[in-house]
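Please read the structure below before turning to the comments.
The values are calculated or read from the model by the stated rules, or taken from the named source; none is laboratory data. Computed from a predicted structure; not experimentally measured. Please note: Cβ atoms are built from the backbone with ideal geometry, for glycine as well, and neighbour counts cover all protein chains shown. SASA here: full protein model, heavy atoms, side chains in, ligands and nucleic acids out. Shrake-Rupley method; radii C 1.70, N 1.55, O 1.52, S 1.80 Å.
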Amino acid sequence: MALPRTYTSDVIADAVRQVEAARAAGRRGPISAVARELHLDRRLLQTWVTKARTHATATPPPTTPNTHTSDDPVLLPDGLLHCRFCRRPMTAVFTWAGLVYDCPPPCRRPVLNATAVANAVGLVVLRHAAHLVPALTHPKAASNAAGHADRLITRITAGSHPTDLRITWPTTRPPRPVPPGHLHLARKLTGTDPQRARTILRNILAGIDPTTTATEAVHADAAHLLAPLLHGQAAIRWADYAHRSLTHLHGPTHPHTLTAAHTLATAHRQVGHHQRAYHLLRELADHLAATTGPDAHPTLAVRATTALVLHDLGHHHAAQTLLTDTIDRHHRAHPGHPATARMTAHLDQLRHHHTTHHDNSSPGAAVNLPAPVRA
């Protein structure tokens, strides 16, 4: 009886490398083919490949001390990529061929280069919803966009090469007809019964994709009413939908559009997006100055809010200067208006904060300051 052969680690590693190379080249039955070429038992070679995959998954390659997170590979969200052959989710594993997407045995599909897959999916995201990606000018914008794919795509089915991908989009019902009076009822309830108002507005918006632009004013108005009743990203998502849709329907300086711009700025400010809120408020103040006049109460009220956001950004001296000028102008244009007292109270709080915390030592993020509001 012949004694079982022993194999060195170099022989095993070389055999596994040949299997991975055969997979990457798209050869059918790579394990059987390599086993025949190397005169190995196919089951033994399958065991080596399985152990190598398990080890690679459990022990990712070490990172160097100078590794930057911006250079790390961007992968698709977990569970999004599925194999066309075995129908199971594909996972990212480190092999001798680099980072690849693969299926667990017994699936014998060729592996897919993970970077190429991420780039292909990222291009789809950029083409359909570029606003989801924060840094469009980044040299790796496409691969970065792949990390947001689950916000736009339900499922990706992978074929035999990285660009052989089938995209499954969310299945949404067509918007239902809005019953007469429901939007009016929701508007009345926003201040007295916000929970019921939210339910009515969500029903109106059922089947609406907030990444698109409304062609019906009722959906844009419903989103504008819904946004202040929500929190966080949900509020921003519907506020952005309302502002974008009302701009499309009525133009950028229509009163409804300007109100929606203020709602969007407020939503960003509530989650700490002060830079975005600042630019929205500046643009809103310019539109109001052109449509209602530089001395109008809405214009000066937005200027006052802009000053508070400047304070949030760390520009404390500029915030106090802008708010002082706004108060002076508001007092002269609208004597006796209660908003002047509220602005003054805010100014006192800013001055107290400045005195207590010595805030002039923190210049804050760079911004373009608004034009003075003096007469």
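Using R0 = 25 Å, the C-beta based FRET efficiency linking Q195 and Q270 works out to 0.85.
Net charge near E283: determine it from the other residues with C-beta under 15 Å of the C-beta of E283, scoring Lys and Arg +1 and Asp and Glu -1. Once all neighbours under 15 Å are counted, the net charge is +3. The HN-Hα couplings worked out from phi for segment 326-335 by the Karplus form 6.51 cos²θ - 1.76 cosθ + 1.60 (θ = phi - 60°) are 5, 4, 4, 5, 5, 5, 6, 7, 9, x Hz, whole numbers, x standing for Gly and Pro. Taking 41 Å as R0, compute the FRET efficiency from the Cβ-Cβ separation of H248 and R28 and round it to 0.05. Between H248 and R28 the formula returns 0.20. What is segment 185-246 by shape, rounded, prolate or oblate, if you read a ≥ b ≥ c off the alpha carbon gyration tensor as root eigenvalues and call it rounded for a/c under 1.5, prolate for a/b larger than b/c, and oblate otherwise? Note, shape of segment 185-246 comes out prolate.
Rounded to whole numbers, the Karplus 3J(HN,Hα) couplings from phi for segment 75-80 are 9, 5, x, 4, x, 7 Hz, using 6.51 cos²θ - 1.76 cosθ + 1.60 with θ = phi - 60°, and x at Gly and Pro.
In plain terms, the chain from D286 to R202 could stretch by 27.0 nm, reckoned as 0.36 nm per residue minus the Cα-Cα distance. With the whole protein complex present, F94 retains an accessible surface near 80 Å², based on a 1.4 Å probe.
As a calculated quantity, the FRET efficiency between A130 and H182 at R0 = 41 Å, using C-beta atoms, amounts to about 0.80. Overall shape: oblate for segment 202-330, with the ratio a/c of the largest to smallest alpha carbon gyration tensor axis at 1.5 or above and b/c at least equal to a/b.
Once the 1.4 Å probe is applied to the protein heavy atoms, segment 186-293 comes out at 46 Å² accessible per residue.
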